[in-house]
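Taking it in order: structure first as structure tokens, then the write-up.
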Amino acid sequence: MALLEINGLVKVFGGLRAVDAVTFHVEQGEILGLIGPNGSGKTTIFNCISNFFPITAGDVLFKGKSIKGLKTHKICHLGIVRTFQVVKPLARMTVLDNVTASAFCRVNSLKEAKDEAYKALDFCNLSSEKDKLAKSMPIGGRKRLEIARALATKPELLLLDETAAGLNPSELDEAIELIQRIRDTGITILIVEHIMKVIMTISDRIHAINFGQTIAEGTPQEVANNPAVIEAYLGEEYAQG
């Protein structure tokens, strides 16, 4: 049984069918990359999984049970947590307090929450930044803070939405290493990412969509060589022999 199953997912906004009968699954312990052009429905799928948007049709199963219609905080308590394209930390709070607030998802005391926050910050190489105001962090630091906040909730499934966007080359390498270390702890990852160096390096499988519909799925090499993916998204330079 897959950890996450997306079955015939449909999301309609007025007359726009943003997600059109998409079906895929995520196996426990793997990294599944979700790719496609801007506006293809990737983030909408994340929003449907976490019930930021109600699903028009289809279903989302976690550990074999439907989570369709559950409140977002209930989905988080089940073990699914997501990051956002545009990171919005609690700007006037410290880095430590941001992560501590997230840890209350699992614990009831301030001491326990801070203990979990310190662990998450250490894991994300942010311990030295703990007393800084979140609003003072550069984009690379804010991206790692977003991940630390997510990890503090102790997820089983982590949805990463463009974690590498805006990073410089050295920060990209650090992001790849961090995502791989997260998976090594046993956390399953579904990632939306436009930077092909990241998605092709870390993904076990890739699911590609365009105009809200699936166009390909397979290993990174299979997807990179798929004519529909090359035409819609990657371009010839990503075709591999």
Exercise. Return yes when VAL87 is touching a residue at least 40 places away in the same chain (Cβ under 8 Å), closer than 24 Å to GLY141 by Cβ, outside the structural domain of ILE49 (by TED's automatic domain parsing) and not in a helix (DSSP H, G or I) and no when it is not.
Key: yes
Quiz prompt | Test: residue in the stretch 177-192 that is part of a strand (DSSP E or B), out of contact with any His (no Cβ under 6 Å at 6 or more places or on another chain) and not β-branched (Val, Ile, Thr) | solution = yes
Exercise. Can you give me the number of residues within the stretch 203-216 that are in contact with a helix residue (DSSP H, G or I) (Cβ under 7 Å, 6 or more places away or on another chain) and surrounded by fewer than 21 Cβ atoms within 10 Å (Cβ to Cβ)?
Key: 2
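Tally up the residues in the stretch 115-147 that are in a loop (DSSP other than H, G, I, E, B) and either within 14 Å of the chain's Cα centre (by Cα) or closer than 20 Å to LEU167 by Cβ (or both), please.
Adding up the residues that qualify gives 6.
Test of understanding: among SER102, SER128, which residue is of a type in the set (Gly, Ala, Ser), outside the structural domain of GLY29 (by TED's automatic domain parsing) and free of Cβ contacts under 8 Å to residues at least 12 places away in the same chain? Spell out the reasoning first.
Values: SER102 fails: free of Cβ contacts under 8 Å to residues at least 12 places away in the same chain.
None of the others qualify; the one that does is SER128.
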Practice problem: Please work out which one of (1) more than 19 Å from LYS11 (Cβ to Cβ); (2) of a type in the set (A, V, I, L, M); (3) surrounded by fewer than 17 Cβ atoms within 10 Å (Cβ to Cβ) is the condition ALA57 fails and give its number. | Solution: (1)
Exercise. Those residues that are out of contact with any Phe, Trp or Tyr (no Cβ under 9 Å at 6 or more places or on another chain), assigned to a helix (DSSP H, G or I) and either at pLDDT 95 or above or not small (Gly, Ala, Ser) (or both), I need them from the stretch 148-173; list them, please.
Key: ARG149, ALA150, PRO169, GLU171, LEU172, ASP173
Exercise. Keeping to the stretch 153-196, report how many residues are within 19 Å of PHE52 (Cβ to Cβ) and of a type in the set (S, T, N, Q).
Key: 2
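Consider GLU171 carefully, then state whether it is under 25 Å from LEU3 (Cα atoms), surrounded by fewer than 19 Cβ atoms within 10 Å (Cβ to Cβ) and not small (Gly, Ala, Ser). Reasoning before the result, please.
Numbers: under 25 Å from LEU3 (Cα atoms): no; surrounded by fewer than 19 Cβ atoms within 10 Å (Cβ to Cβ): yes; not small (Gly, Ala, Ser): yes.
Judged against the criteria, GLU171 is not a match.
The values are calculated or read from the model by the stated rules, or taken from the named source; none is laboratory data. If you're wondering where the values come from, they're calculated on a predicted model, not measured in any experiment. Quick reminder, even Gly has a Cβ in these numbers, built from the backbone with ideal geometry, and neighbours come from all protein chains shown.
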